[in-house]
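Taking it in order: structure first as C-alpha cells, then the write-up.
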Amino acid sequence: MALALTSRTAAPAEPLPGAASAADPSPAPLTPEQLAKRAQGGCPEAFRALVEQFEPRVYNFLLQLSRNPHDAEDLAQETFLKAYLALRQARLPRDFAPWLFTIARRTAISHFRRRKHAPEPPSPSPWEPASADQPAETVATRDENASLWRLARRLKPRQFEALWLRYGEGFDLAAIAQVMGAHTVTVKVLLHRARSQLAAWLSRTELGCEIAPDRWTPAPPPPPNRSPTNATNGRSRLAATLA
C-alpha cells in the first residue's frame with residue numbers, strides 16, 4: 001500500500017534505524033514513539049517507517065472487523081492518512097500502537113455506519129497459506145491456529161474484538177481498553193466470557209463433536225500426520241490459555 005506524503009520544510013532528518021555512523025556502526029532501532037516524534041517534526045521518512053512497521057498489523061485488525069479484504073485495505077489507507085494528519089495537529093501519543101489502533105477502529109465504525117451494516121462475505125483466514133517447503137509441524141500449527149480463530153468468530157463481536165487485540169496483537173488490558181473505548185473491567189469481563197465460551201466449545205470438540213452453526217456433528221478423525229503431541233506443542237497463546 002503506497003501512501004503519498006508531503007511535509008513542510010524541515011531541518012535535515014536524523015538517521016533512521018539502520019543508518020550507521022562512524023561513532024556507532026550499529027545504532028539501536030528507534031521505537032514507534034521516537035519515530036512518531038520525528039514524523040511530527042516534519043520527517044516523512046519517519047512516518048514511512050511507521051507505515052512499513054504497522055501496516056500489516058493494522059490491515060489484519062481491520063480485516064477481522066470488516067471481513068472484507070478490499071474494505072480492510074481502504075480502511076488501512078484511511079487510518080494512516082488520519083494518523084499522519086493527527087500527528088501534525090495534536091499532541092504526541094504516549095503509546096503509539098494503541099493510539100493508531102484506536103484510529104483504525106473508529107475508522108471502521110464510521111465505515112460500518114455509512115454502509116448500514118451491509119452483508120459481508122465470510123472472513124478469510126488471518127494467516128497466509130503455508131508453502132510447500134515448510135515443516136509439517138509448522139503447517140499443523142498454522143492450521144490449528146486458523147481453526148481456533150474461525151471458532152472464535154462465533155463469539156459476540158465485542159468478545160471477539162477483545163480476544164483478537166489480546167492474543168492476535170498482544171495488547172495488555174489498558175491498551176485494549178483504550179482501543180475499544182471501554183473500562184479495563186469491561187475488557188476483563190469480555191475476555192473471561194470469550195475464553196470460557198471457547199473452552200466449552202473446544203471441550204465438546206475433543207469429545208468427538210465439532211462446532212456447527214445450528215447443530216453438533218461428529219468430528220472427522222485427525223489426519224495421520226498430526227499426532228496429539230504435535231497438536232499440543234503447536235498451540236497458540238490463545239489455545240494455551242484454554243488448556
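Computed from the coordinates by the stated procedures, all read-outs in this text should not be read as laboratory data. Given the structure is predicted, the values throughout are model-derived calculations rather than measurements. Neighbour counts are summed over all protein chains in view; Cβ atoms, including those assigned to glycine, are modelled from backbone coordinates with ideal geometry.
Brief remarks follow.
- log10 of Debye I(q)/I(0), alpha-carbon scatterers only, for the stretch 32-115 at 0.13, 0.16, 0.21 Å⁻¹: -0.38, -0.56, -0.91
- Cross-link reach is defined here as a Cα-Cα straight distance under 30 Å, omitting same-chain residues fewer than 8 places apart; for Lys156 the lysines meeting it are Lys82, Lys116, Lys188.
- Per-pair calculated FRET efficiency, R0 = 45 Å: Arg91 and Ser196 via Cβ, rounded to 0.05: 0.70
- Separation in nanometres of the label points that stand 7 Å from Cα toward Cβ, at Ala174 and Leu151: 3.3 nm
- Label-point separation, Arg106 to Val185 (7 Å along Cα→Cβ), nm: 2.5 nm
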